[in-house]
Amino acid sequence: MKIDWHQLFLDDLRSEGHISLQDVINRYDVSESTARRHITKLGEEGVIRRVKGGAVWLEMHPSMHPFHVRAQKNHEAKEAIARKAVTLVKPGMSIIIGGGTTAYTVAKQLKGMGMRVVTNSLPVMDLFVDDETTQLTALGGQLYHNGALFHGYSTMEQLARLRVDMAFMSTGGFSHEGFFHRVPAVIELDRKIAEISKTVVVAAVSDKYGEESFSLVLRPEEVDILLTDRPIPDLPDDLIKVIAATE
């Protein structure tokens, strides 16, 4: 059985902290171009940091944990947000559901409602694949493994041809400055999702308030509704419409 050198590479980098490009080539018996592509890809996904002549391990932020692990965090808050999300939609609407575990939890509540659903999220695709009431459009592209979603040029091209009634998006963090994400691979994707949607809804647990991670994705004026589990007193009322599940 062929050993997956990609996993060996991550295991070795995690334990050693640094690995050179030449070590990757020699240790895993791959070409220089293959080694460079893999390091570049993981660097773009935020899993490692590229340095001159190799790569270093990054202490894993919770947002970089595997999807199924993140899905269990703040589970009750996400479920409350999802139940509230149902009040925003009507049968026959076209909606796009982005990546992230809160958006996925929202998707679970929307099954059987007779809508047109567009998604780049593998877990969301799996939810709707056997739902005969839903017209599912699955977007392909390059797979971002930790996020269990497709991204890249192909995905962006598919999105550019679409227009939908509503988007449900997750976020890496938010503040009065806007909504942030720490994964470079999906930042432009989320911006495009917002661009093609008549109504943009960001679903986020209140614990993410105040976390401004890596890059600003959307400013408050680019989001129509912030859907969260409880009110956020520090967020100005005139900045964005906030719907809290506990209200």
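Nothing in this text is a laboratory measurement; each read-out follows from the coordinates by a stated rule. The model shown is predicted, which means the values in this text are computed figures rather than measured ones. Here Cβ is always computed from backbone atoms with ideal geometry, including for glycine, and neighbour counts include all displayed protein chains.
Under 5 Å between amide hydrogens, which residues at least 5 positions from Ser175 or on another chain qualify, with H placed 1.01 Å from N in the peptide plane?
Gly210
What are the principal axis extents of the Cα atoms in the range 106-247, in Å, biggest first?
Answer, in whole Å and largest first: 41, 31, 26 Å.
Diagonalise the Cα gyration tensor of the chain and give the resulting equivalent ellipsoid semi-axes, square root of 5 times each eigenvalue, largest first, whole Å.
Details: eigenvalues 231, 86, 50 Å².
Working from the Cα gyration tensor, I get semi-axes of 34, 21, 16 Å.
Return the equivalent ellipsoid semi-axes of the range 5-59 as a descending list in whole Å, where each equals the square root of 5 times an eigenvalue of the C-alpha gyration tensor. Mind dumping the intermediate values first?
Values: eigenvalues 45, 30, 20 Å².
For the range 5-59, the semi-axes come out at 15, 12, 10 Å.
Mind scanning Lys73/Lys192; Lys84/Lys111; Lys208/Lys241; Lys198/Lys241; Lys84/Lys192; Lys78/Lys192 and naming the pairs with a C-alpha gap bigger than 20 Å?
On the way: Lys73/Lys192 27 Å; Lys84/Lys111 14 Å; Lys208/Lys241 17 Å; Lys198/Lys241 15 Å; Lys84/Lys192 25 Å; Lys78/Lys192 24 Å.
The answer is Lys73/Lys192; Lys84/Lys192; Lys78/Lys192.
Which value, in debye to the nearest 20, gives the size of the charge dipole of the chain about its Cα centre, when Lys and Arg are +1 and Asp and Glu are -1 at the Cβ?
Numbers: 28 positive and 33 negative charges, 83 e Å.
Dipole about the Cα centre, nearest 20: 400 debye.
At each listed q (0.12, 0.16, 0.20, 0.23 Å⁻¹), what is the log10 of I(q)/I(0) that the Debye formula gives for the range 103-171 modelled as equal alpha-carbon point scatterers?
Taken in order of the listed q values, log10 I(q)/I(0) reads -0.30, -0.54, -0.85, -1.11.
For the range 190-225 and the range 119-178, what is the centre-to-centre distance using only Cα atoms, to the nearest Å?
14
Please arrange Thr101, Thr133 by how many other C-beta atoms lie within 10 Å of their C-beta, fewest to most.
On the way: Thr101 26, Thr133 11.
Fewest-to-most Cβ neighbours within 10 Å comes out as Thr133, Thr101.
Among Thr87, Thr155, rank each residue by its count of other Cβ atoms within 10 Å, from fewest to most, as a rough exposure measure. Don't skip to the end; give the middle numbers.
Values: Thr87 9, Thr155 22.
So the residues, fewest neighbours to most, are Thr87, Thr155.
Mind checking which lysines have their Cα closer than 25 Å to the Cα of Lys52? Skip sequence neighbours fewer than 8 apart in that chain.
The qualifying lysines are Lys41.
Ranked highest first by average number of other Cβ atoms within 10 Å, how do 79-85, 199-205 line up?
On the way: 79-85: 20.6, 199-205: 24.1.
Packing proxy ranking, top to bottom: 199-205, 79-85.
Through the Karplus equation 6.51 cos²θ - 1.76 cosθ + 1.60, θ set to phi - 60°, convert the phi angles of the range 118-135 into ³J(HN,Hα) values in whole Hz; use x for Gly and Pro.
With the stated coefficients, the range 118-135 comes to 10, 7, 10, 9, 4, x, 5, 4, 5, 4, 9, 4, 10, 9, 6, 7, 9, 8 Hz.
Could I have the simple spin-label model distance between Lys41 and Ile25, label points 7 Å from Cα toward Cβ, reported in nm to one decimal?
It is 2.0 nm.
Counting other beta carbons within 10 Å of each residue's own, what order do Lys41, Lys52, Lys241 fall into, fewest first?
Working: Lys41 16, Lys52 6, Lys241 13.
Fewest to most other Cβ atoms nearby, the residues stand as Lys52, Lys241, Lys41.
Looking at the chain, send over the antiparallel percent of its DSSP beta bridges, to the nearest 5.
Values: 17 of 42 bridges.
Here the antiparallel bridges make up roughly 40 percent for the chain.
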